[in-house]
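Here's the structure, in structure tokens; my notes come after.
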Amino acid sequence: MKSKTALGVAVLGATGSIGASTLDLVARHPDLYSVVAVTAHRSVDRLIELCRRHRPTFAVLSGVAETAGLRKRFADAGFRGELLFGAAALEDVARHAEAEIVMAAIVGAAGLSSTLAAASAGKRVLLANKEALVMAGPLLMQAVRRAHAVLLPIDSEHNAVFQCLPQGEAGRPSLRAVRRVLLTASGGPFRTLPAERLAQVTPEEACAHPNWVMGRKISVDSATMMNKGLEVIEARWLFDIPPERIEVVIHPQSIVHSLVEYIDGSVIAQLSNPDMRVPIAHALAYPERIESGAHPLDLSALGQLSFEPPDTQRFPCLQLAYQALHAGGTTPAHLNAANEMAVDAFLAGRLRFTSIADVIADVLERLPAQDPTSLDDLLEADAAARRTAAASIEHYQARAA
Ligand code: NAD
Ligand code: MG
């Protein structure tokens, strides 16, 4: 039974890994939350299943053309809500009055417009879609401030940092007396692999993350360490902290999710077992707490937690992200688009793992930074970087053949 006082949640990217964890939490707390909308790009069967289980008001298929056959399949499955088609419907459900909470869990640049729509409508935005902040950090943060939206990070590192910071103005985290933010990184599946073996790794090996089960794109990002690069940019905008005060430390066990160092030398960390339901539960209930279903942490069973510096020789993507942040303007959007293209090509078997960084470096070198003033400027920067990346991918593909 849906509770009348429950908060409505729109889950953008409901068929993905973060979407599944979010829906699991909502189902655990039917008195607190109800599902208003679920969206998928093309996974029709999985979306039908979610409609059956969660009975949302809206279901969106953003990457499928409308057909009577599809409508009938949803109706036959007992779906009595509204079925919407096309990418614009993502924005419609993101700003809908019934959606008090919007989980932005679409992967990649495709999630930017709906995330921005939710922020501009003053929603409580649970941000998993880090690429939106990488592409459009200043624009998105401005929309949040103007519309008095509440932006809560879902990325485990940023959620950890958020939990380690005191509240400042308007309930936003305060950076007062903070010396550094330390983002932890697992190091991914190739942390200890010798440099000469990296060129031969397969998509399956790259997607076999030691600690987390995630979508394929972020899994490859973790393997190249571009994920941490994107997270440095994400932290820069979320917490309004300059890049030179954001550091990365490798922590293979993924138990300490990040740390904040204060000027007096105190370092505060957030720990939990690696389960995305922990940060999602935090953001759903904030400033309250709810049960997440995650296993309690047993430190003595774990025995050891270890830390080491990142190896920027074998994993050049992290430096590329710092470089893009320093260049500013449209360059982080270029970085993100080039990375999405290169990761797609790698997953499709068209590009070597080690060429992912080469393609991104090429794109950064060829495209000058411009000063974006609107979403359109950023979408144009994204498109230009995709064209340049496509040519670069062909070049590396020809060299590998
Ligand atoms: P996923 O691949 O499992 O799911 C992606 C979702 O986005 C699916 O519902 C899919 O239908 C939808 N989608 C894909 N392409 C789309 C498009 N063009 N238009 C509209 N919708 C589209 O990905 P995920 O692992 O759940 O990650 C989602 C986001 O959360 C990413 O930005 C990722 O970086 C971030 N994130 C994920 C994790 C994790 O543990 N999985 C952790 C931190 C951050
Ligand atoms: Mg993360």
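The combined condition, being farther than 18 Å from LEU7 by Cα, more than 10 Å from ligand 1 (Cβ to nearest atom) and of a type in the set (D, E, K, R), is not fulfilled by GLU98.
Answer yes or no: is there a residue in segment 294-316 that is surrounded by fewer than 18 Cβ atoms within 10 Å (Cβ to Cβ), touching a residue at least 60 places away in the same chain (Cβ under 8 Å) and polar (S, T, N, Q). Scanning segment 294-316 turns up at least one residue that is surrounded by fewer than 18 Cβ atoms within 10 Å (Cβ to Cβ), touching a residue at least 60 places away in the same chain (Cβ under 8 Å) and polar (S, T, N, Q).
Restricted to segment 213-229, and to residues there that are among the hydrophobic types (A, V, I, L, M, F, W, C) and touching a Ser or Thr at 6+ places or on another chain (Cβ under 7 Å), the residue that is surrounded by the fewest Cβ atoms within 10 Å (Cβ to Cβ) is VAL213.
Restricted to segment 131-160, and to residues that are within 16 Å of ligand 2 (Cβ to nearest atom) and within 14 Å of ILE233 (Cβ to Cβ), which residue is surrounded by the fewest Cβ atoms within 10 Å (Cβ to Cβ)? My answer is HIS158.
For first residues located in segment 330-357 and in contact (Cβ under 8 Å) with a residue 24 or more places away in the chain, partners that are among the polar types (S, T, N, Q) and surrounded by 22 or more Cβ atoms within 10 Å (Cβ to Cβ) and lie 6+ apart or on another chain with Cβ distances below 7 Å form the pairs ILE356/THR224; ALA357/THR224. Taking the stated definitions as given, is GLU91 loosely packed, with under 15 Cβ neighbours inside 10 Å, within 14 Å of ligand 1 (Cβ to nearest atom), on the phi < 0 side of the Ramachandran plot and in the same structural domain as HIS29 (by TED's automatic domain parsing)? When the stated conditions are applied, GLU91 does not pass them. For the criterion of being in contact with a helix residue (DSSP H, G or I) (Cβ under 7 Å, 6 or more places away or on another chain) and either in contact (Cβ under 8 Å) with a residue 60 or more places away in the chain or closer than 19 Å to LEU112 by Cα (or both), VAL38 passes.
Given the options LEU133, LEU139, LEU112, name the one that is more than 14 Å from ligand 1 (Cβ to nearest atom), closer than 25 Å to CYS317 by Cβ, touching a residue at least 40 places away in the same chain (Cβ under 8 Å) and not assigned by TED's automatic domain parsing to the domain that holds PHE315. Only one candidate qualifies: LEU139. Report yes if some residue within segment 273-281 is of a type in the set (S, T, N, Q), under 30 Å from LEU32 (Cβ atoms) and within 16 Å of ligand 2 (Cβ to nearest atom); otherwise report no. Yes, segment 273-281 contains a residue that is of a type in the set (S, T, N, Q), under 30 Å from LEU32 (Cβ atoms) and within 16 Å of ligand 2 (Cβ to nearest atom). Just one of the listed residues (ARG71, ARG42, ARG46, ARG55) is among the basic types (Lys, Arg) and within 26 Å of LYS4 (Cα to Cα), namely ARG55. Among the residues of segment 145-190, those that are β-branched (Val, Ile, Thr) and in contact with a Leu (Cβ under 9 Å, 6 or more places away or on another chain) comprise ILE154, VAL161, VAL178, VAL181, THR184. Comparison of ALA281, ALA269, ALA294 shows that the only residue that is in a loop (DSSP other than H, G, I, E, B) and outside the structural domain of ALA110 (by TED's automatic domain parsing) is ALA294. Tallying residues that are of a type outside the set (S, T, N, Q), assigned to a strand (DSSP E or B) and crowded, with 19+ Cβ neighbours inside 10 Å within segment 246-260 yields 6.
The values are calculated or read from the model by the stated rules, or taken from the named source; none is laboratory data. Please read these numbers as outputs of a predicted model, since none were measured by experiment. Quick reminder, even Gly has a Cβ in these numbers, built from the backbone with ideal geometry, and neighbours come from all protein chains shown.
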